[in-house]
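So the structure is just underneath, and the comments pick up after that.
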Amino acid sequence: SLKGKTALVTGSTSGIGLGIAQVLAAQGANIVINGFGDHESPSQQILQAGATHNIRTAFHGADLSKPAEIEDLIAFGGKEFGHIDILVNNAGIQHTSPIDSFPVDRWDAIIAINLNSVFHTTRLALPAMRKANWGRIINIASVHGLVGSADKSAYVAAKHGVVGFTKVAALETATTGITVNAICPGWVLTPLVQKQIDALAQKNGVSNEEATKELLQAKEPSLKFTTPEELGALAAFFCSPAGDNIRGVAWNMDGGWVAQ
Ligand code: NAD
């Protein structure tokens, strides 16, 4: 059980982050919620998931492209709950374009949100974890932290960076009760991926259903999406005592994507 522990899940107002927050809440963790858009309904869903444990949630809308706002976010978590025990670095964005025409501002935004924010949250959350001699840092990387795909230069660069950073953070905490690992999902049907399905449907003049099938067939041998709940279960496993000596892994959950 994670009763008494506090988890910060960045980007937990939607998709994978929301799913992971619900699973950790169901195990009794209090949740610091972060992300853009409506936070009322995600907060209700997370509270409901943790209802049997009477968990608490608190929301902070830090923009993770801004280091000063990340400092506020970590300080807020400390003020509300004492300190953050579990840090799930999940917030991320995507933009697809060939390198020659990749918009420079999209490159900068992806590196800032998908990579730099992981450095900032980690450096700021580590001191309290060291004091407690317990902590879990779980970085939601991607199969694109392990292999490439055309038109995703910034995303693939950022996610490979996250996997590299995960290994170094795991080494620097190797003799402590803090573990640092990455999870590398294949396709998960969230708003981030629906946008790519919409683009494919438009490009090929096919239905949403056809485009979804094409998207899976191109990369994911299982022809099935991984779900936020499944990713939450893996995160919860890393948080359990069985995860005490799992350090610096990049664990893919991808329907066979990187086995090819
Ligand atoms: P999503 O768009 O559903 O959710 C992204 C979350 O991040 C939202 O809560 C959003 O508000 C938040 N966010 C975006 N920019 C932010 C910023 N500047 N500051 C704070 N919060 C911000 O996307 P998702 O598919 O759930 O993706 C979550 C993570 O999983 C991302 O890191 C993504 O790269 C990764 N991932 C997704 C897939 C997939 O197939 N969906 C696969 C592999 C990895």
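The values are calculated or read from the model by the stated rules, or taken from the named source; none is laboratory data. As the structure is a prediction and not an experimental result, all values here were calculated from the model. Neighbour counts run over all protein chains shown; Cβ positions are idealised from the backbone, glycine included.
Among ALA236, ALA199, which is small (Gly, Ala, Ser), touching a residue at least 60 places away in the same chain (Cβ under 8 Å), part of a helix (DSSP H, G or I) and more than 16 Å from the ligand (Cβ to nearest atom)? Among ALA236, ALA199, only ALA236 is small (Gly, Ala, Ser), touching a residue at least 60 places away in the same chain (Cβ under 8 Å), part of a helix (DSSP H, G or I) and more than 16 Å from the ligand (Cβ to nearest atom). Scanning the stretch 6-41 for residues that are in a helix (DSSP H, G or I) and hydroxyl-bearing (Ser, Thr, Tyr) yields one hit, SER41. Within the option set ASP151, ASP108, being modelled with pLDDT of 95 or more, of a type outside the set (A, V, I, L, M) and in a helix (DSSP H, G or I) holds for one residue only, ASP108. Residues that are within 14 Å of ILE31 (Cα to Cα) and part of a loop (DSSP other than H, G, I, E, B) within the stretch 54-76 comprise ASN54, ILE55, ARG56, GLY61, listed in sequence order.
Flag: VAL88 does not match the condition of being assigned to a helix (DSSP H, G or I), touching a residue at least 12 places away in the same chain (Cβ under 8 Å) and touching a strand residue (DSSP E or B) at 6+ places or on another chain (Cβ under 8 Å).
Specify which of the listed residues (TRP134, TRP187) is touching a residue at least 24 places away in the same chain (Cβ under 8 Å), surrounded by fewer than 20 Cβ atoms within 10 Å (Cβ to Cβ) and over 21 Å from LEU64 (Cβ atoms). Every option except TRP134 fails the conditions. On the basis of being assigned to a loop (DSSP other than H, G, I, E, B) and crowded, with 17+ Cβ neighbours inside 10 Å, does ILE93 make the cut? Considered against the rule, which asks whether it is assigned to a loop (DSSP other than H, G, I, E, B) and crowded, with 17+ Cβ neighbours inside 10 Å, ILE93 comes out as yes. Tell me whether the stretch 211-231 contains one or more residues that are among the hydrophobic types (A, V, I, L, M, F, W, C), without any contact (Cβ under 8 Å) to a residue 60 or more places away in the chain, surrounded by fewer than 16 Cβ atoms within 10 Å (Cβ to Cβ) and away from the ligand (no atom under 11 Å from the Cβ). Scanning the stretch 211-231 turns up at least one residue that is among the hydrophobic types (A, V, I, L, M, F, W, C), without any contact (Cβ under 8 Å) to a residue 60 or more places away in the chain, surrounded by fewer than 16 Cβ atoms within 10 Å (Cβ to Cβ) and away from the ligand (no atom under 11 Å from the Cβ).
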